[in-house]
Amino acid sequence: MIKLNFIPEQRGREGSGLFTEDIGGVPAEIIVGGLVALAGFLVAVHMVLAGVAVYRMASYKILEARWHGMSVDQKAYDGVSNEIKAIQAKLGGVRPITSAQSLHWAQFLNDLSDSIPKGVWLRELLFEKKDLTIYGSSVSKMKNEMVEAGDFVAALKMKDSVRDSFTSVDVDSIQRRDNIAVPIADFSLKAKRK
């Protein structure tokens, strides 16, 4: 077999590589290797940034789930907080009544109970600022229910706890109910705190 080669041997060796010329005095293989390394580095950076983005998205979803869980707890907290505020507001109204310089309620209520004659009952005691209002009713088969209410006021005025704590106890209103078998009189008393 006869082999014919028309390219000189030295030129043939130079042309046999992938790159035949140097660029600016730097071999072409180094430039290509640098470009491949740069591309590999950029791909690696892209992969790291994609991993960070996935991690951040997962963290965001976890925090979002916690936030929604906290909104249920927040509603429960708000409900309890509103109840506490309502109770504190009620306690604010009770504190002046129960303070050290206030009326001795146990003794007053005991005297109030002792002063109630037969046929008289109390429906409500209302204490606002310095005024005590007592709502009640009296009943009598002998049609002297108005007198019974007056006797109650007179007996109440005689008690030491009432005289020491209140300037006066007066009938604010008294009204007879009509059209019933047994006569009933509804009354309210006012007492001013000293």
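Coordinate-derived values only; no laboratory data. All figures in this text were calculated on a predicted structure; none of them were measured in a lab. Note that we place each Cβ from the backbone using ideal geometry, even for glycine, and neighbour counts take in every protein chain shown.
Net charge of the neighbourhood of Pro117, taken over other residues with C-beta under 13 Å away and scored Lys/Arg +1, Asp/Glu -1, is -3.
Estimated at 0.36 nm per residue, the fully extended path between Phe6 and Asn110 surpasses their Cα-Cα distance by 23.8 nm.
Please report the base-10 log of the normalised intensity I(q)/I(0) for the stretch 26-101, using a Debye sum with one equal scatterer per alpha carbon and no solvent, at each q in 0.21 (1/Å). Normalising to I(0) and taking log10 leaves -0.95.
With the simple model of a label 7 Å out from the Cα in the direction of the Cβ, Val139 to Ser173 spans 2.2 nm. Our note on the geometry: Cα centres of the stretch 114-173 and the stretch 23-55, 100 Å apart.
If R0 equals 35 Å, the separation of the Cβ atoms of Val52 and Ser81 corresponds to a calculated FRET efficiency of about 0.30.
Enumerate the residues in the stretch 139-157 having an amide nitrogen under 11 Å from the point lying 7 Å beyond the Cα of Val182 toward its Cβ. What the label zone holds, given the 11 Å backbone N cut-off, is 139-142.
In a reduced charge model with +1 at each Lys and Arg Cβ and -1 at each Asp and Glu Cβ, the stretch 105-193 shows a dipole moment near 60 debye about its Cα centre.
Dividing the C-alpha radius of gyration of the stretch 105-193 by 2.2 N^0.38 Å, with N its residue count, gives 1.07. Counted by Cβ distance under 13 Å from Met146, the other residues give a net charge of -1, where Lys and Arg count +1 and Asp and Glu count -1. The charge dipole of the stretch 26-101, taken about the Cα centre with unit charges on the Cβ atoms of Lys, Arg (+1) and Asp, Glu (-1), comes to about 500 debye, rounded to the nearest 20.
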